[in-house]
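Just below is one structure, and these are the notes that go with it.
The values are calculated or read from the model by the stated rules, or taken from the named source; none is laboratory data. What you are looking at is a predicted structure, and each value in this text was computed from that prediction instead of being measured. Methodologically, a virtual Cβ is constructed for each residue, glycine included, from the backbone with ideal geometry; neighbour enumeration extends over all protein chains shown.
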Amino acid sequence: MNKKHIIITLAGAAVICLICMAPGAIKRITESISRHNLDVAYENFLESNTGFYEGTTVNGIDIAGLDSAGALQKLTDEFESKTLTITNPWNDTVDTLPYKNLNIDFSNLKAFINASFDTRNMTEEQFAEKTYVNELSYDITKDIDLAKADLTGISVVNEELLVPSSDAALTYDIKSGKVDIVEEVYGNIFKEDVFKDKLSAAILEGADTLSFDKEDYILPEVTADDETFLQKKATIENYLDKTVELSLCGMGITIDNEDIRTFIDVDAEDGLSDDAMQAYVKKVCGRFNTYGDSRPFTTSTGESIMIPGGNYGWLIDDAGTAGKIKKALASDKSTVKTEAAYKVQGQRPADDEISNTYVEVSLRDQRIWMYKDGQLIVSDDCTTGMVGDPECHTNVGTFRLTYKTTNRVLRGPTWEDFVYFWMPFDGGIGLHDATWRTEEEFGGDNRYGNGSHGCVNLRLATAETVYNNMEDDVPIIVWE
């Protein structure tokens, strides 16, 4: 066995030992000495190091050997030294934004650096093998406040240079009836948060260039080549080529290009103004309304009077008629016929409603006349509502026959009467025979003490004649 002398120095004291040892034992002792030396070196490193360890970076920037203040200064200097070039999709402007103009408050970054410094941790193994890596990451974009940034000269956010997008539109000249297209405008106003989000992303990447796409902006929703838009233009032009023949109140009018031009509204979904069309119906068609109107009339006694009110005549439904005109304009025919809509539909043409066939009742004279085709077919005394009793009043006016029937029992609160011929015209008021009356109880002054419940009481023969000649369209004229 070989023998060796080994000198071991431990804790500054030299001890000389002569040991007879195997080679493996010698190796273990050597490793123990190396380990001890490493421990000492590691402890000395930790005690003497006043900066971030070798291998420490923040967002890729090396801060090894720097203390917190030095690291913060290097990071802020590095950040503020950069410049961002901003372009738009139309390439009409190129803006330059120095990062320092963002005026970022770095207090959050400072807190992050301090915390990172205080929590430094390098293991003895990393120290020995020099494998320590600490790649720190900090999102500086969360500290960006555009309200505090100096964006002077940045055209993409300069309010004085901002132009909103606008849709393609139709213009219309009512005088010529011409429809033209105004093309869309592509503005330069960003969609909400786009500028901040893309700016933040560029800064986070440390980019030198920031480019915006058209999709980043609020764009027109309607363009001049949009199929729906062009179809609307064609539809309006089609309206203007139409002629509508409108039947109304037994008569008719022609609605031509001059009239239709007043209906056009290029901003309306269907290109037509409901208000304008109803105004047209009210003004032009409204002159045919006769329902409830006062009418000039020449009585059988030769007097020229005005007959007020009543329920006879025509009353046009403005909205309904405008709707029918609109439907006609949408037709594929060049000339379209349509009928007005009515709230009350009359019986005879509005310009000659009384004509020469009618029933006339004079409250003053207590007389009834009936004319057919201009010929007097009956004239007789009658008795009308009791004067002085509001429940038995006979109204004046021009009325329409509600219906007619025979053999009817008429009932009131305290009475009932059988009649052979019943012709109501004003609610429960009508023409009928009154067989319970004597000959002397028709006409004269009977209405002052022996009047009816409001109806026009007739002798049986007179009632039958009127009934047999009464048609739906025959007006009943009652005057005082």
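Descriptive notes on the structure:
- Residue in the range 282-290 that is loosely packed, with under 15 Cβ neighbours inside 10 Å and under 19 Å from Thr235 (Cβ atoms) present: no
- Among the criteria (1) more than 18 Å from Met470 (Cα to Cα); (2) among the charged types (D, E, K, R); (3) over 54 Å from the mean Cα position of the chain (by Cα), the one Asp380 does not fulfil is (1).
- Options Thr321, Thr338; residue that is in a strand (DSSP E or B), surrounded by 15 or more Cβ atoms within 10 Å (Cβ to Cβ) and either in the same structural domain as Ile368 (by TED's automatic domain parsing) or in contact with a helix residue (DSSP H, G or I) (Cβ under 7 Å, 6 or more places away or on another chain) (or both): Thr338
- Test for Thr301: is it at pLDDT 95 or above, surrounded by 14 or more Cβ atoms within 10 Å (Cβ to Cβ) and either touching a strand residue (DSSP E or B) at 6+ places or on another chain (Cβ under 8 Å) or not hydroxyl-bearing (Ser, Thr, Tyr) (or both): no
- Residue in the range 359-378 that is closer than 22 Å to Gly428 by Cβ, in contact with a Leu (Cβ under 7 Å, 6 or more places away or on another chain) and assigned by TED's automatic domain parsing to the domain that holds Gly252 present: no
- Condition check for Asp365: outside any helix (DSSP H, G or I), of a type in the set (Asp, Glu) and out of contact with any helix residue (DSSP H, G or I) (no Cβ under 6 Å at 6 or more places or on another chain): yes
- The criterion of at least 2 residues that are over 20 Å from Thr96 (Cα atoms), of a type outside the set (A, V, I, L, M) and in contact (Cβ under 8 Å) with a residue 40 or more places away in the chain is met, among strands (runs of 3 or more DSSP E) falling completely within the range 186-265, by 243-248.
- Flag: Val359 matches the condition of being buried (at least 19 other Cβ atoms within 10 Å of the Cβ), more than 24 Å from Asp275 (Cα to Cα) and either touching a Cys at 6+ places or on another chain (Cβ under 8 Å) or modelled with pLDDT of 95 or more (or both).
- Exclusive hit being surrounded by 15 or more Cβ atoms within 10 Å (Cβ to Cβ) and either charged (D, E, K, R) or over 28 Å from Ile61 (Cβ atoms) (or both), set Gly177, Gly206: Gly177
- Pick from the range 240-274, criterion touching a Phe, Trp or Tyr at 6+ places or on another chain (Cβ under 9 Å) and among the small types (Gly, Ala, Ser), ranking: farthest from Lys327 (Cα to Cα): Gly250
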